[in-house]
Amino acid sequence: MQKILIVEDSPTVLKILRHLSSRLNHLEPIFASSLEQAKQIYSADPSSFFAALADFNLPDAPNGELVDYLLENKIPTVVLSGSFDEQTQSLLIIKGVVDYVLKEGRYSYELAFDTLNQLYLNQNTKVLVAEDSELARKHICGLLKRHLFQVIEANDGQEAFKHLQDDPDIKLLISDYQMPNMDGFQLVQKVRHEMGQRRISILGLSSADNATVSSKFIKNGANDYLHKPFSIEEFQCRVNHSLHTLALVEKLEKAAYQDYLTAIPNRRFFIKHGRKLHQKAEDKNSQLAVAVLDIDHFKKFNDQYGHEAGDAVLIHFSSLMKSGLSNFLFARTGGEEFSVAMAGLNNEQAYQLLDAFREQVATTEFIYNDTPLSISVSIGVTNNLEEHLDAQLNRADELLYNAKDAGRNIVVGD
């Protein structure tokens, strides 16, 4: 686990920081109370430290010498202080600190730890910068790299759009307005029109004095706008705000499409994406196998061992689906009912795959509270497209009941 070096000389503040350090995710706090102690700790194992939270004024470093030491060693640093004048604030930002936080109470310290957590997450966050001016582009990329983002560069809108097509993991697009080949307005329009379902935040930039530029960016689909030249702090705030808003949307979407108990997709997710697969199969006259799975005698687990046992069975079964059917669309679509859509498989292929999964369920040992539980599943699978997905699911459900009538723990196909 990577470490955070936390340096603070006040015993009271240090006690608070120790308590609040539990907010850190995937990061281990290491504490020091002076410049000398911090140097000793860091020099003993420099490669293990990810970032630092450092007091600006220490008895043996009254003028920010600790911050200078950390930045010289290329350690991303969040600075704490009881007071900052504007000159010091500007100097810290120019030097390259990640952020500075005033010691104004619990909220301030929580903000400092949240900043460190975000810094950790930024390592896996891709940002695309579309800017034709090399000088401006390098400046923007440098600010982003200070916060450990993965940064991708583009000279114009066309190149930027190509990057977006090639890399679905880009989360933020920062686009200048005036660019050759495809300007910022055209780029934003094209992204929103052709990638409408994609979750990406867009920040527009321009040095134009025209007051309508900002509204045009927003109306064309940008989430925010920043006029150049901008202050470094405002740029950082707008980038963080854009990504924070996107993360909230993704979190809400995840809650809407994920089963609360098993953490696999739910019925809403299955229907949404299953309908797309069904339409594609109809358009291309291709195969689509749809199956309904039902855990046999599920009620007995609840009746004999309690509802917690039933929940444990559902979680166990879902984990088997994740490992055995991960290449296909699957979901928990009812209490003990699950569904799978397998594009490209004919009924015989789907039958063989599902029968192997059925065998895996039946032979995998599951122990709940030291009691071995026997689990089996009945499955109905059909390749008859029917008129829509719901009708195909109904057909698979009929085949499932045939499997139940035939004694359970079997697969019945067309």
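Let's see how each residue does on (1) over 23 Å from Lys404 (Cα atoms); (2) in a helix (DSSP H, G or I):
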{"site": "Val292", "(1), (2)": "no, no"}
{"site": "Gln304", "(1), (2)": "no, yes"}
{"site": "Asn327", "(1), (2)": "yes, no"}
{"site": "Gly334", "(1), (2)": "no, no"}
{"site": "Phe338", "(1), (2)": "no, no"}
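Scanning segment 201-246 for residues that are among the charged types (D, E, K, R) and touching a residue at least 40 places away in the same chain (Cβ under 8 Å), which turns out surrounded by the most Cβ atoms within 10 Å (Cβ to Cβ)?
Only one residue fits best here, namely Lys228.
Where residues in segment 121-131 are touching a Leu at 6+ places or on another chain (Cβ under 6 Å) and touching a residue at least 40 places away in the same chain (Cβ under 8 Å), which of them is surrounded by the fewest Cβ atoms within 10 Å (Cβ to Cβ)?
The qualifying residue surrounded by the fewest Cβ atoms within 10 Å (Cβ to Cβ) is Leu128.
Search segment 1-28 for residues being in a loop (DSSP other than H, G, I, E, B) and among the polar types (S, T, N, Q), and hand back the single one that is surrounded by the most Cβ atoms within 10 Å (Cβ to Cβ).
Ser10
How many residues does segment 29-56 hold that are surrounded by fewer than 17 Cβ atoms within 10 Å (Cβ to Cβ) and not in a helix (DSSP H, G or I)?
Residues in segment 29-56 being surrounded by fewer than 17 Cβ atoms within 10 Å (Cβ to Cβ) and not in a helix (DSSP H, G or I): 1 in total.
Among the listed residues Val67, Val79, which satisfies the condition of being in a helix (DSSP H, G or I), under 21 Å from Ile41 (Cα atoms), in the same structural domain as Tyr42 (by TED's automatic domain parsing) and not aromatic (Phe, Trp, Tyr)?
That would be Val67, the only listed residue that is in a helix (DSSP H, G or I), under 21 Å from Ile41 (Cα atoms), in the same structural domain as Tyr42 (by TED's automatic domain parsing) and not aromatic (Phe, Trp, Tyr).
Would you point out the residue of segment 89-107, among those that are closer than 16 Å to Ile16 by Cα and without any contact (Cβ under 8 Å) to a residue 24 or more places away in the chain, that is surrounded by the most Cβ atoms within 10 Å (Cβ to Cβ)?
The residue in question is Val101.
Quick one: Lys74 ticks every box in (1) assigned to a loop (DSSP other than H, G, I, E, B); (2) at negative phi; (3) of a type outside the set (A, V, I, L, M, F, W, C) bar one, so which box is it?
(2)
Can you name every one of the strands (runs of 3 or more DSSP E) wholly within segment 169-255 that holds 2 or more residues which are touching a helix residue (DSSP H, G or I) at 6+ places or on another chain (Cβ under 7 Å) and among the polar types (S, T, N, Q)?
Here the list reads 201-206.
Restricting the search to segment 57-69, which residues are free of Cβ contacts under 8 Å to residues at least 40 places away in the same chain and either of a type outside the set (Ser, Thr, Tyr) or within 18 Å of Leu102 (Cα to Cα) (or both)?
Asn57, Asp60, Ala61, Pro62, Asn63, Gly64, Glu65, Val67, Asp68
Is it true that Lys276 is outside the structural domain of Val127 (by TED's automatic domain parsing) and in a helix (DSSP H, G or I)?
Considered against the rule, which asks whether it is outside the structural domain of Val127 (by TED's automatic domain parsing) and in a helix (DSSP H, G or I), Lys276 comes out as yes.
Exactly one of these conditions fails for Ala281: (1) out of contact with any Asp or Glu (no Cβ under 8 Å at 6 or more places or on another chain); (2) in the same structural domain as Leu345 (by TED's automatic domain parsing); (3) free of Cβ contacts under 8 Å to residues at least 40 places away in the same chain. Give me its number.
Going through (1) out of contact with any Asp or Glu (no Cβ under 8 Å at 6 or more places or on another chain); (2) in the same structural domain as Leu345 (by TED's automatic domain parsing); (3) free of Cβ contacts under 8 Å to residues at least 40 places away in the same chain one by one, Ala281 breaks only (3).
Being without any contact (Cβ under 8 Å) to a residue 60 or more places away in the chain and not in a loop (DSSP other than H, G, I, E, B) is the filter; apply it to segment 362-383 and report the residue that is farthest from Ala406 (Cα to Cα).
Ile367
Looking only at segment 162-180, which residues are surrounded by 21 or more Cβ atoms within 10 Å (Cβ to Cβ) and more than 22 Å from the chain's Cα centre (by Cα)?
Once the filter is applied, which keeps residues that are surrounded by 21 or more Cβ atoms within 10 Å (Cβ to Cβ) and more than 22 Å from the chain's Cα centre (by Cα), segment 162-180 yields Ser175, Asp176, Tyr177, Met179.
Determine the pairs where a residue that is in the same structural domain as Val340 (by TED's automatic domain parsing) and surrounded by 13 or more Cβ atoms within 10 Å (Cβ to Cβ), located within segment 386-400, has a partner that is assigned to a loop (DSSP other than H, G, I, E, B) and of a type outside the set (Asp, Glu) with Cβ atoms under 8 Å apart, the partner being 6 or more residues away or on another chain.
That search, which allows pairs on different chains as well, returns Gln392/Asn384; Gln392/Leu385; Arg395/Asn384; Leu399/Gly413.
Tell me yes or no: at least one residue of segment 336-344 is surrounded by 14 or more Cβ atoms within 10 Å (Cβ to Cβ), under 34 Å from the mean Cα position of the chain (by Cα), assigned by TED's automatic domain parsing to the domain that holds Ala312 and among the acidic types (Asp, Glu).
Within segment 336-344, one or more residues are surrounded by 14 or more Cβ atoms within 10 Å (Cβ to Cβ), under 34 Å from the mean Cα position of the chain (by Cα), assigned by TED's automatic domain parsing to the domain that holds Ala312 and among the acidic types (Asp, Glu).
For the condition at positive phi and either β-branched (Val, Ile, Thr) or outside any strand (DSSP E or B) (or both), what is the one hit in Glu359, Glu386, Glu348?
Of the residues listed, the single one that is at positive phi and either β-branched (Val, Ile, Thr) or outside any strand (DSSP E or B) (or both) is Glu386.
Check off (1) within 21 Å of Ala391 (Cα to Cα); (2) charged (D, E, K, R); (3) buried (at least 18 other Cβ atoms within 10 Å of the Cβ) for Lys280 and give me the number that stays unchecked.
(3)
The values are calculated or read from the model by the stated rules, or taken from the named source; none is laboratory data. Computed from a predicted structure; not experimentally measured. Cβ coordinates were reconstructed from backbone atoms using ideal geometry, including for glycine residues, and neighbour counts include every protein chain displayed.
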